[in-house]
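The structure under discussion appears below in the form of structure tokens.
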Amino acid sequence: MDALEERLGLETDWRTATDLGCGTGLAGMLLRPRVGRLVGVDLSQTMLDRARRRNLYDQLTQANLVSFLHGETESFDVVVAADVFCYFGVLDEVIAGAAHALRPGGVIAFTVESLPEGSDGWSLALTGRYAHSPRYITAAMVGFDAVAIDPCELRMEAGRPVPGLRVIARRR
């Protein structure tokens, strides 16, 4: 959340946000203090049940992310997908869905695992997750003004940091 505010100079109060792939609600804990209405979406009912116990979300929806986003028309000020797009190779449909679901000027913030420097496109790793290049991300951001694509560490796995990219963009 601090990265959003730092990069975009945003107010800390947004009317509506959706947490894509909300899981147990870890990102929701950061979003809740800054948003009027928070919607969590996940494919797993078990994860949604765990998120519900945190009492952070105004609405929890079990759905495919792409279908959910395409079913919302200019509904959100912020779309967040923390450590979720690593389960997508091609990002075109989910990015188009986010553009559809965001109000003009709305913001998308997401992370992806990053390909090694010098690589391009996207690739399926041995972990079963996808990694993406900055060039691929930039090309996929149709309908957005890319504000920032920054390297970051997503998490620790087998004692090693997982390199990633943090992307923050504003809908035109």
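Screening the range 120-141 for residues that are in contact with a helix residue (DSSP H, G or I) (Cβ under 6 Å, 6 or more places away or on another chain), open to solvent by 40 Å² or more (accessible area, probe 1.4 Å) and not in a strand (DSSP E or B) and picking the one that is nearest to Asp83 (Cα to Cα) gives Arg129. When the range 49-101 is limited to residues that are part of a loop (DSSP other than H, G, I, E, B) and among the charged types (D, E, K, R), the one that is nearest to the chain's Cα centre (by Cα) turns out to be Asp83.
Considered as a group, the residues in the range 113-127 that are touching a Lys or Arg at 6+ places or on another chain (Cβ under 9 Å) and of a type outside the set (Gly, Ala, Ser) include one that is modelled with the highest pLDDT, and that residue is Glu113.
For (1) open to solvent by 80 Å² or more (accessible area, probe 1.4 Å); (2) touching a residue at least 40 places away in the same chain (Cβ under 8 Å), each residue gets a yes or a no:
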{"position": "Leu48", "(1), (2)": "no, no"}
{"position": "Gln59", "(1), (2)": "no, no"}
{"position": "Ala63", "(1), (2)": "no, no"}
{"position": "Glu74", "(1), (2)": "yes, no"}
{"position": "Val80", "(1), (2)": "no, yes"}
{"position": "Tyr87", "(1), (2)": "yes, yes"}
{"position": "Glu93", "(1), (2)": "yes, no"}
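Taking the conditions (1) modelled with pLDDT of 95 or more; (2) open to solvent by less than 50 Å² (accessible area, probe 1.4 Å) in turn, Arg53 satisfies each one other than (2). One residue alone among Gly36, Gly21 is open to solvent by 20 Å² or more (accessible area, probe 1.4 Å), under 19 Å from Gly106 (Cβ atoms) and in contact (Cβ under 8 Å) with a residue 40 or more places away in the chain, and that residue is Gly21. Among residues of the range 150-165 that are farther than 21 Å from Thr138 by Cα, those with a Cβ under 9 angstrom from a residue that is of a type in the set (Val, Ile, Thr) and assigned to a strand (DSSP E or B), sequence gap 6+ or separate chain, pair up as Arg155/Val162; Met156/Val162.
Per this entry, Val162 is not counted among residues that are under 22 Å from Gly71 (Cβ atoms), in contact with an Asp or Glu (Cβ under 8 Å, 6 or more places away or on another chain) and not in a helix (DSSP H, G or I).
Considering the conditions (1) open to solvent by 30 Å² or more (accessible area, probe 1.4 Å); (2) at pLDDT below 95, Ser44 is excluded by exactly one of them, (2). Regarding Asp13, is this residue modelled with pLDDT under 95, within 13 Å of the chain's Cα centre (by Cα) and not hydrophobic (A, V, I, L, M, F, W, C)? Against the criterion (modelled with pLDDT under 95, within 13 Å of the chain's Cα centre (by Cα) and not hydrophobic (A, V, I, L, M, F, W, C)), Asp13 does not qualify. Looking across the range 142-159, the residues that are hydrophobic (A, V, I, L, M, F, W, C) and part of a strand (DSSP E or B) come down to Phe144, Ala146, Val147, Ala148, Ile149, Cys152, Leu154, Met156.
The values are calculated or read from the model by the stated rules, or taken from the named source; none is laboratory data. From a predicted model like this one, the values you see are computed outputs, not experimental measurements. Reconstructed Cβ throughout: ideal geometry from the backbone, glycine too, with neighbour counts over all protein chains shown. Each accessible area value is taken on the protein alone, full model and side chains, heavy atoms only, with ligands, DNA and RNA left out. Shrake-Rupley method; radii C 1.70, N 1.55, O 1.52, S 1.80 Å.
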